[in-house]
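This report refers to the structure that appears directly beneath it.
The values are calculated or read from the model by the stated rules, or taken from the named source; none is laboratory data. Since this is a predicted model, take the numbers as computed values, not measurements. Neighbour counts run over all protein chains shown; Cβ positions are idealised from the backbone, glycine included. Protein only, heavy atoms only, side chains kept; ligands, DNA and RNA dropped before computing areas. Shrake-Rupley method; radii C 1.70, N 1.55, O 1.52, S 1.80 Å.
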Amino acid sequence: MRFANFVLGAVLLGLTACGHSRPLPTLPASHGQLSWDMDQYLNPRPYSPPVYMGVLAPRRDTGPSVSVTAEEAPAIFAEATRVLAGKPTEEQVRQAQADLGAACSQADLLQACDFLREEFGPPVGYSRVVHEFPHEVYRQKTLAMVVVGFIVGTNGRLRDIRLVESATDALDQAVLKTVASMRFHPATLAGHPIEIHYTVKRDTVTSEMDLTPEQELAWGMTRVKAFPDSIEAWGHLARAMARDRAEDPGYEEALRGLNQLSPEYWWSATELAWLYARAGRHEEAAPLAIIGRRRARDNAYALETSALVAFHQGRCQQAVQEQREAVMKLPAEWPREERERFQRTLTTYQEKCATGPAPASPQAASTLDAATPEDP
């Protein structure tokens, strides 16, 4: 099956929708939906046409292989930032990027994680020729998605262009021709050009179409079945389930599928950690919570998840500190119920940590459940 032939259409939960400024969540909502809403709030997307959107694809191992210990990380960080502050060669930039990535992901050096996030500049497209889809797909209300991945090189040129999700030959060729015409200013790290994986998606939805939650879930399931190696398809399904079916066992499966394809993606790591911690699977949750904390330190829900895991593993000081940070990072205009819930959780941690070790099992943690949100 090459594409889903529903007589339907939709704007994909944050995937092909136009950007909005500072959206606020509507309660009730699952933890996954709230963490996603927080990310949209912190990083509002500029307006873009609903049928085209370029997104940064997860990094792949194209740079030097590096192994960094916690003891080595500070010195490696200092050397990498010193190199990037000068006039490095392209190879030196590549090595510094790899060193910083290893210091962040292997040694959990938050300075390195922050530097990579704050000093990164995404590629900027400045030219393209849009090749339109045949008009009959809109008249027939055929739902189809084409996803094309590629690398934007240090010179801004595209290479390794590949179809990630295909539809019909006509639709595929329209998107491939458009991609081939694209011109970019390269991505940068501390002002130096670097190569980056990038994805362009196009679908056949229009503003006149609408999709029920059940139909959208069916589309997401169809996509992951047809294209099991598509990060975009798993992301669509996981986010749709976070919004509408967070209590369904399939939600965890969707998060796992996304996490397996993109292990460093903060959202799926955070939400898997949340589900595992709520189920008492704290050892499984711990490494995932670390990813969320280091990749999304400004997101209160990533911090809340890390604090929950730390609390149940007896790391009281860390739990209180991270929950306090989470409380402080909630915007003043965020729903009052959520701000009060975060504060109640902080109070619970402070009280229980003051009287003895934190609970380390689901049974001992039962009194904490009232302070943590239930998925709808």
Taking interchain pairs and intrachain pairs at least six residues apart, which have beta carbon atoms under 6 angstrom, with the first residue in region 135-161 and on the phi > 0 side of the Ramachandran plot and the second among the β-branched types (V, I, T)? K141/V7; D160/I151
Just one of the numbered conditions (1) out of contact with any helix residue (DSSP H, G or I) (no Cβ under 7 Å at 6 or more places or on another chain); (2) among the hydroxyl-bearing types (S, T, Y); (3) open to solvent by less than 10 Å² (accessible area, probe 1.4 Å) is not true of T222; which one? (3)
The residue from A371, A365 that alone is modelled with pLDDT under 95, buried (at least 20 other Cβ atoms within 10 Å of the Cβ) and more than 22 Å from the chain's Cα centre (by Cα) is A365
Can you tell me how many residues in region 242-282 are open to solvent by 20 Å² or more (accessible area, probe 1.4 Å), under 18 Å from Q40 (Cβ atoms) and in a loop (DSSP other than H, G, I, E, B)? 1
Take region 173-192 and flag every residue that is open to solvent by 20 Å² or more (accessible area, probe 1.4 Å) and within 23 Å of the chain's Cα centre (by Cα). P186, T188, A190
Selected residue (only one of A226, A269, A233 is within 22 Å of L34 (Cα to Cα), at pLDDT 95 or above and among the aliphatic types (A, V, I, L, M)): A269
Which one is nearest to E232 (Cα to Cα), of the residues in region 121-160 that are assigned to a strand (DSSP E or B) and open to solvent by 20 Å² or more (accessible area, probe 1.4 Å)? D160
Could you tell me how many of the residues in region 26-58 are at pLDDT 55 or above, of a type in the set (S, T, Y) and exposed (fewer than 14 other Cβ atoms within 10 Å of the Cβ)? 1
